[in-house]
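Trainee: Below you will find the structure I want to go over with you.
The values are calculated or read from the model by the stated rules, or taken from the named source; none is laboratory data. Here the structure is a predicted model, which means the values were calculated and not measured. Here Cβ is always computed from backbone atoms with ideal geometry, including for glycine, and neighbour counts include all displayed protein chains.
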Amino acid sequence: MQDISELQKSYFHALCELDEKKTSSLIEGALAGGVKPDELLIKVVIPSIDQMNEELIMGQEINLAQHYLSAKISESIAMKLLDQVQTAGECPGCVVIGTAVGDFHGLGKKIVIACLRAHMFKVIDAGTHVSPEAFVDLAIENNAQVIGISSMMAHTATGPNGALGVRKILRERELEGKIKIMVGGAPFRFDHGLYEHVNADGWGENGLEAVATAKRLIKEVEG
C-alpha cells in the first residue's frame with residue numbers, strides 16, 4: 001500500500017500546479033491500491049486544503065486565483081470520495097450544521113455533513129453565512145441536540161456571530177443543557193484549545209472526529 005504521507009506531498013504538489021488530471025490520477029491509484037476513501041479525505045485531501053490556506057495566509061507562493069481554482073479541484077475530488085463512504089448503524093441524533101456569518105467556505109461543512117450522514121445522523125444543512133439566531137431556531141425546529149459551526153477564517157471562528165453568539169442565545173433561552181455546540185475548521189486545527197475560548201462544547205479535527213464528538217455531545221444531552 002502506498003505511503004500516505006508521500007501521497008499527500010505528491011497530491012499537494014499537483015494541486016499547486018492546478019493539475020486536475022494528476023490529482024485525480026493519484027487518488028484513483030490509491031483507491032485501486034486499497035486505501036479507503038475516508039482515509040484519503042482525512043490524510044490527503046483535507047491536509048492539502050489546509051496547507052493551501054496556510055500558505056495563502058502567510059503570503060507565500062499561493063495567490064488568490066490559485067487558491068480558488070485548487071479549492072474547486074479539491075471539492076470535486078472530495079465529493080467523489082464521499083460518495084464511496086459506507087453508511088452503517090442506527091440514527092444517533094440530529095445535528096444542525098452551517099458556517100458562521102461572514103464565512104462562505106462550504107467544502108469543510110459538506111465533508112462533515114457527508115460523514116455524519118454516513119453514520120446515520122439526521123443532518124440539517126443550514127448553509128453558509130448563518131446567523132446565531134438562525135442556528136438556534138433551526139435546532140429548535142428540528143429537535144436537534146447539536147449545532148455544528150464551521151469556520152475557515154479566524155475572525156469568523158472567534159467573532160460574536162459564531163459559537164459565541166450561539167452560546168449567548170442558548171443561555172438567554174435556557175437551552176444550554178438541551179443543545180450542544182460543536183465547532184470545526186482550519187482555525188481550530190491550528191489551535192486545539194480555541195474551541196474552549198469560543199465557549200463551544202467540543203470540536204472535530206476532521207469529519208470522522210466530528211462524528212465521534214457529535215455522538216459524545218448527544219449522550220450528554222440525553223443523560
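Trainee: I'm told Val166 meets every condition in (1) crowded, with 22+ Cβ neighbours inside 10 Å; (2) without any contact (Cβ under 8 Å) to a residue 12 or more places away in the chain; (3) hydrophobic (A, V, I, L, M, F, W, C) except one. Can you identify the failing condition by its number?
Mentor: (2)
Trainee: Could you count how many residues in the range 43-60 are surrounded by fewer than 20 Cβ atoms within 10 Å (Cβ to Cβ), in a helix (DSSP H, G or I) and either modelled with pLDDT of 85 or more or touching an Asp or Glu at 6+ places or on another chain (Cβ under 9 Å) (or both)?
Mentor: Of the residues in the range 43-60, 2 are surrounded by fewer than 20 Cβ atoms within 10 Å (Cβ to Cβ), in a helix (DSSP H, G or I) and either modelled with pLDDT of 85 or more or touching an Asp or Glu at 6+ places or on another chain (Cβ under 9 Å) (or both).
Trainee: Still on this structure: Return a yes/no flag: does the range 71-85 have any residue that is over 14 Å from the mean Cα position of the chain (by Cα) and closer than 20 Å to Arg216 by Cβ.
Mentor: So far as the range 71-85 goes, no, none of its residues is over 14 Å from the mean Cα position of the chain (by Cα) and closer than 20 Å to Arg216 by Cβ.
Trainee: Scanning for something surrounded by 22 or more Cβ atoms within 10 Å (Cβ to Cβ) and part of a strand (DSSP E or B), does the range 105-117 turn up at least one residue?
Mentor: No; the residues of the range 105-117 include none that is surrounded by 22 or more Cβ atoms within 10 Å (Cβ to Cβ) and part of a strand (DSSP E or B).
Trainee: While we're on this one: Among the numbered criteria (1) at pLDDT 80 or above; (2) within 18 Å of the chain's Cα centre (by Cα); (3) assigned to a loop (DSSP other than H, G, I, E, B), which one does Gly34 miss?
Mentor: So the condition that Gly34 fails would be (2).
Trainee: Turning to a different aspect of this structure: In the range 107-143, which residues are without any contact (Cβ under 8 Å) to a residue 24 or more places away in the chain and either β-branched (Val, Ile, Thr) or over 22 Å from Glu174 (Cα atoms) (or both)?
Mentor: Result: Ile113, single match.
Trainee: Take Ile181 and tell me if it is surrounded by 21 or more Cβ atoms within 10 Å (Cβ to Cβ) and either in the same structural domain as His129 (by TED's automatic domain parsing) or of a type in the set (Lys, Arg) (or both).
Mentor: yes
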